[in-house]
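In what follows, a structure is listed as structure tokens, so that the remarks can point back to it.
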Amino acid sequence: MSRKTAIRWAAILWCILILATIFAGCRESTRVGYNVSKEADAFNVTRRLTVMNARTDTVMLTLTGTFALKQNGEHNELEVICELEDGTYQKHFIYLNEDVLYVVEDLSGTKVSKYHYELNILPQMVPMFMPDYSE
């Protein structure tokens, strides 16, 4: 085997090793993300939904409890199904536009991840975009 061929094979094996390492990490995080979403959609996770107007930095709605959330892109809305204490369910719709954003926080956690984090959204810290219409 020539030196050139050996270097080529070494580079190929190195790339395969790097890709295998990258994909191994992705599989675990993908699996954990799927499990967290599955638990939340089964009403086993207490979450908080915050809907904000990005233009005015105003919180328009907050919802805390066990709920399933689905974004319906066809109608540009959020579908929220809430589980009540007596075992009944209610479905709510939140209509979205280009100025509305939402954040969903996991408050109770699940047994699929051992790490803790804190998420803080401070509307006053979001830089304002002022369009320049002068020509």
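The values are calculated or read from the model by the stated rules, or taken from the named source; none is laboratory data. Computed from a predicted model, the values in this text were never measured in an experiment. Neighbour counts are summed over all protein chains in view; Cβ atoms, including those assigned to glycine, are modelled from backbone coordinates with ideal geometry.
Pairs linking a residue in segment 57-80 that is under 17 Å from A40 (Cα atoms) to a residue that is part of a strand (DSSP E or B) and among the small types (G, A, S), with Cβ atoms under 8 Å and 6 or more positions apart or on different chains, are V80/A68. Scanning segment 88-128 for residues that are among the basic types (K, R) and in a loop (DSSP other than H, G, I, E, B), we see that the one that is modelled with the lowest pLDDT is K114.
Looking at R8, R27, just one residue is farther than 16 Å from V104 by Cβ, charged (D, E, K, R), at pLDDT 75 or above and assigned to a helix (DSSP H, G or I), and that residue is R8.
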